[in-house]
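J.: Quick one: structure below, then a few questions.
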Amino acid sequence: MNALTDSCDDAHWHVLGAGAMGCLWAARLWQHAPLQGRVALLLRSAEALADYRQHGGLTLEAPAGGARLQMPLTAEGLSAPGAALQNLLVATKSQDVAAALASVQHRLAADTRIVLLQNGVRVQREITAQYGQARVWCLSTSHGAWRRSPWHVVHAGEGTAWLGQLEGGDAARTRALLALLPAQAMRIELDDHIATRLWQKFAVNCAVNALTVVHDCANGELLHRPAARRALDALIDEITELLHALPEVPPLPDLHASVHEVLTATAANASSTLQDVRASRATELEHLNGYLLTLAAQHGLSAPLNAQLLQAVARRTGTACR
Ligand code: KPL
């Protein structure tokens, strides 16, 4: 029984997106005592479902060489019929969220809670507008994870996570939702100003991610390679000016300081975008610098450095990102 919701009937989670983050959150949800293991992965392809079932569960490796835990979570096909979803954690890439939600449309009820775990702010704004403020929550997280193999996830960097709804939302319902999440294991805190936090992380990701691809370097190198550092500083200036001019963006802390802090804390890491490029996966840049260009154009502003950056990434990867 959950003290805040007065019910254990609404404690079932489904996790959409079985990348490193999806697997990490699914495993941590499964461990969360009030849920008693009522967590299922929603898998897109029949092959993935068969492979997962044959494998028999997820393995979670805790940080710093900690324990390896086997977790027999269930899995379901994405388009399979089933009961209405109570809590849905969406952990796909930004560009896949709308299609992924559309494919579980038949299982979304008026009271299904949708929790978004993406970088950026575009998806959060679009999905909140589409499904309504009452049904959508955002998690902004600094946890790090990677997969040793498809069903074996390593919780590599223990970070923090913040939970909230755009435009404030309903505090009591957000607290009730927090009780259904692994607040301790994932260090989740409530944030009444999640929009500010999302915009801030968006700004950092716009400054860092594409540039690590162009310079093909770990995060910290952006501070230490002279050419990369010059490009970084100029890009931060442009992003700061642009965000300041956009009416929808709340006041944000100094971006030079935020970027410096993140790059120092994650110096040895490859950004998620560089990891995507190295693994020949689609990147989220259309939802980062691409979205910045869209917002700039909507307000008659220009962002030449961001545009050049996207072109440079496209040349390097051989794919147009817009
Ligand atoms: O969020 C990140 C990412 O890689 O997507 C940063 C902050 C750049 C850390 O790597």
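J.: If you fit an axis through the alpha-carbon atoms of helix 289-298 and take the longest principal axis of the Cα set of the chain, what angle between them do you get, 0 to 90°, nearest 10?
T.: The two axes meet at around 70 degrees.
J.: Among rounded, prolate and oblate, which fits region 244-322 when a ≥ b ≥ c are the square roots of the eigenvalues of its C-alpha gyration tensor, a/c under 1.5 means rounded, and a/b larger than b/c means prolate? Don't skip to the answer; put the middle values down first.
T.: Numbers: a/c = 2.39, a/b = 1.14, b/c = 2.09.
Oblate shape, in that a/c is at least 1.5 and b/c is the bigger or equal ratio.
J.: May I pose another question? Please work out the average accessible area per residue across region 157-297, using the 1.4 Å probe convention, and give it in Å².
T.: Details: 6060 Å² over 141 residues.
Averaged over the residues of region 157-297, the accessible area is 43 Å².
J.: Gain in length, Asp216 to Arg173, computed as 0.36 nm per residue apart minus the alpha-carbon separation, to one decimal in nm? Please list the in-between numbers first.
T.: Working: separation 43, 0.36 × 43 = 15.48 nm, distance 4.33 nm.
That works out to 11.1 nm of additional length.
J.: In percent, how large is the relative contact order of region 13-192, given Cα pairs closer than 8 Å and 6 or more residues apart? Kindly include the intermediate steps, with their values, before the conclusion.
T.: Details: 357 pairs, mean separation 40.4, N = 180.
That works out to 22 percent.
J.: In percent, what relative contact order does the chain have, based on Cα pairs under 8 Å that are 6 or more apart in sequence?
T.: Result for the chain is 14 percent.
J.: Is region 13-192 best put as rounded, prolate or oblate by its Cα gyration tensor, with a ≥ b ≥ c the root eigenvalues, rounded for a/c under 1.5, and otherwise prolate when a/b is larger than b/c, oblate when not? Please report the intermediate quantities before stating the final value.
T.: Working: a/c = 1.63, a/b = 1.19, b/c = 1.37.
Note, shape of region 13-192 comes out oblate.
J.: A further question on this structure: Of the DSSP beta bridges with both residues in the chain, give the percent that are antiparallel, rounding to the nearest 5.
T.: Bridges in the chain are about 35 percent antiparallel.
J.: Let me ask another. How much length would be gained if the chain were fully extended between Arg53 and Gln105, taking 0.36 nm per residue of separation minus their Cα-Cα distance, in nm to one decimal? Could you put the intermediate results ahead of the total?
T.: Working: separation 52, 0.36 × 52 = 18.72 nm, distance 2.41 nm.
Stretched fully, the Arg53-Gln105 segment lengthens by 16.3 nm.
J.: Percent of accessible area on region 13-192 owned by carbon and sulfur, 1.4 Å probe?
T.: Values: 3760 of 7270 Å².
Ligands and nucleic acids excluded, carbon and sulfur give 52 percent.
J.: So if I take the centroid of the Cα atoms in region 216-280 and the same for region 171-202, what is the distance between those two points in Å?
T.: So the two Cα centres are separated by 24 Å.
J.: If you take the square roots of the eigenvalues of the alpha-carbon gyration tensor of region 175-311 and sort them as a ≥ b ≥ c, do you get rounded (a/c under 1.5), prolate (a/b over b/c) or oblate? Could the numbers behind the result be given before it?
T.: On the way: a/c = 1.69, a/b = 1.22, b/c = 1.39.
Since a/c reaches 1.5 but b/c is at least a/b, the shape of region 175-311 is classed as oblate.
J.: Let me ask something else. Fully extended, how many nm does the chain gain between Asp254 and Thr240 (0.36 nm per residue separation, minus their Cα-Cα distance)?
T.: Values: separation 14, 0.36 × 14 = 5.04 nm, distance 0.82 nm.
Full extension of this stretch gives 4.2 nm more.
J.: First compute the accessible area of region 196-317 with a 1.4 Å probe, then give the percent of it belonging to carbon and sulfur atoms.
T.: C and S atoms contribute 54 percent here.
J.: For the chain, what does the helix formula give at 222 nm: sum of -39500 (n - 2.57) over DSSP H segments with n ≥ 4, over the residue count, nearest 500 deg cm²/dmol?
T.: Numbers: 12 runs with 135 residues, N = 322.
Helix-only estimate at 222 nm: -13000 deg cm²/dmol.
J.: Tell me the angle of helix 226-245 to the major Cα principal axis of the chain, expressed in degrees between 0 and 90 and rounded to the nearest ten.
T.: Approximately 70 degrees, to the nearest ten.
J.: How far is helix 122-131 tilted, in degrees, relative to the longest principal axis of the Cα atoms in the chain, given as a value from 0 to 90 rounded to the nearest 10?
T.: The two axes meet at around 40 degrees.
The values are calculated or read from the model by the stated rules, or taken from the named source; none is laboratory data. Owing to the predicted nature of the structure, the values given are computational and were not obtained by experimental measurement. Just the protein is used for accessible areas: all its heavy atoms, side chains included, with ligands, DNA and RNA removed. Shrake-Rupley method; radii C 1.70, N 1.55, O 1.52, S 1.80 Å.
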